[in-house]
1. May I ask for the distance between the Cα centers of region 149-218 and region 121-148, given as a whole number of Å?
2. Using a basic spin-label model with each label point 7 Å from the Cα along Cα→Cβ, how many nm lie between Asp385 and Asp441?
3. Can you compute the modelled spin-label distance between Lys300 and Asn208, with each label point 7 Å from Cα toward Cβ, in nm?
4. Taking every Cα atom in region 140-213, find the radius of gyration and the maximum pairwise distance Dmax, and write them in Å.
5. Students often get this wrong, so check it: of Lys147/Lys300; Lys147/Lys315; Lys111/Lys315; Lys91/Lys381; Lys123/Lys360; Lys91/Lys147, which have C-alpha atoms separated by over 22 Å?
6. Cut-off 14 Å, label point 7 angstrom out along Cα-to-Cβ of Asp408: give me the residues of region 333-376 whose amide nitrogen falls inside.
7. Test of understanding: ordering Lys111, Lys360 by Cβ neighbours within 10 Å, fewest first, what list do you get?
8. Cβ neighbours within 10 Å, averaged per peptide: list 132-144, 474-486, 115-127 in order, most packed at the top.
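Where a number appears in this text, it was derived from the coordinates with a stated rule and is not lab data. These figures come from a predicted structure and were not determined experimentally. Quick reminder, even Gly has a Cβ in these numbers, built from the backbone with ideal geometry, and neighbours come from all protein chains shown.
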Amino acid sequence: MPRFDRSMTVVDFPLPCLISRPNFPAAFSKRNGDPAMLSIFGRPLSGDTSKLCDGRSRRDFLRAGALTVGGLTLPQLLHAEQAAGIRNSKKAVIMIYMCGAPGHQDMYDLKMDAPSEIRGSFKPIPTNVPGIEICEHMPRLAGIMDKCIPLRSMHGSPDGAHDSFICYTGRTVRNQPAGGWPSVGSVASKMLGPRNDAVPPFVGLSPNAGHPPYGSPGHPGFLGVANSAFRPSGPAKDDMKLQGIDTSRLDNRKALLTSIDGIRRDIDASGTLQGMDTLTQQAFDILTSTSLADALDISKEPASVIERYGKGDPKNFGDGAPRNLEHFLMARRLVEAGCRVVTLNFGRWDFHSNNFSGMKDTHLPQFDQGLSALIEDLHNKGMADDVAVVAWGEFGRTPRINKDAGRDHWPQVGGGLLAGGGFRSGQVIGATDRLGAEIADRPVHFSEVIAMLYRHLGINPEVASLSDLTGRPQYLLGNTTPMPELV
């Protein structure tokens with residue numbers, strides 16, 4: 001597929017008549033104030049061969065290149081739609097954001113040969129893959145390591161500031177285009193759309209947190225509110241069902257809303273009103289179907305499955321997120337129902353003090369149970385190749401333990417875990433030095449993992465582009481390529 005070309009290109013398509021694609025963004029093109037559409041001109045079926053069925057001359061043409069659909073040229077769009085029936089694909093991503101950044105050397109990369117002030121109190125245990133060891137407080141993950149991929153050399157956070165942004169986008173907050181970089185979920189929403197109209201393509205299981213980035217499900221950036229995460233937390237869950245209103249009354253209310261709303265969406269340069277239209281339609285789709293409400297109702301699962309996942313703690317941990325193990329099960333049910341990307345925020349791993357008691361008593365056992373249950377469940381249900389899972393925080397922790405028995409911020413290197421996606425599992429990627437302070441082998445940037453997630457979803461990150469708020473095309477990840485070790 002060719003790279004995006006900003007030059008104006010004339011393309012001759014010998015098609016029989018005008019073809020319009022009314023579902024494309026209104027910003028695509030306008031003619032005499034009419035709603036936007038993509039038009040392809042060619043021969044009429046019969047009659048005057050000098051005119052087309054809308055009265056245009058055969059000398060009219062489609063300009064593809066500078067005029068784009070969401071930043072995609074027409075050949076790219078057609079290729080993307082045809083590739084593996086992508087809009088109906090079951091490929092999905094579940095991302096667990098570990099708020100505050102856990103210590104890599106206390107989970108997947110223990111340094112038993114380091115001095116005690118670096119090593120800490122945790123011990124490694126063998127896994128079911130010979131040669132791979134992880135922390136003793138994650139025995140369930142150790143038992144399914146053949147289905148996992150520990151990442152020991154993550155990097156990319158420029159300054160060690162707490163922000164979920166790099167986990168969701170693969171980019172830093174610096175030098176953003178107009179509107180800001182969109183998250184993986186928002187890109188999937190924009191480029192792939194919903195698999196099921198009654199189930200949002202992007203769902204964030206992320207209650208608000210005292211530190212706002214800890215509560216973020218991933219922002220839509222320049223893709224706008226229509227591609228933001230649907231967040232079914234709190235009272236919103238009860239609003240997903242019709243409460244004493246039948247569908248005919250709902251249709252009447254929808255018609256009334258449409259008649260009252262006389263605002264011209266095409267004069268809204270920010271795209272906010274158009275985005276609200278999309279969200280309103282999505283709300284009606286949800287209300288007239290039980291698909292989303294059913295997906296969020298984990299009571300429909302067998303008791304043994306619910307028990308395997310566990311409950312955890314639904315309350316926020318400090319200014320972080322809950323340790324809600326039911327969210328892991330909910331995430332699996334959501335992708336099964338048709339979600340393309342589900343993000344969930346787990347805990348608060350910013351242990352500047354009491355690192356070892358905090359991780360042992362409040363975080364590692366719950367994380368081990370929830371994540372291992374999710375990975376096993378995906379395999380048991382035959383979904384492991386279709387659903388990619390990643391769990392990580394925004395950076396690592398200092399090698400040296402501080403005076404308060406904690407570890408501080410360390411952007412030089414961190415860690416993470418991948419599973420599913422049809423990836424080649426049972427391997428470790430990357431390595432650090434004897435102290436866990438610097439990368440010794442195979443640096444892995446956040447953007448490389450994000451690129452692999454895009455590839456898994458069916459989006460080619462090396463080719464696909466989207467337009468920012470100025471209309472300028474932006475590649476999803478620049479020159480970043482997916483990770484060859486995973487194929």
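1. Centre-to-centre (Cα) distance: 28 Å.
2. The two pseudo-label positions are separated by 3.0 nm.
3. Output for this residue pair reads 3.0 nm.
4. For region 140-213, the Cα radius of gyration and maximum Cα-Cα distance read 16.1, 46 Å.
5. Those over the limit are Lys147/Lys300; Lys147/Lys315; Lys111/Lys315.
6. The answer is 351-353.
7. Result, fewest neighbours first: Lys360, Lys111.
8. In decreasing order of mean packing, 132-144, 474-486, 115-127 become 132-144, 474-486, 115-127.
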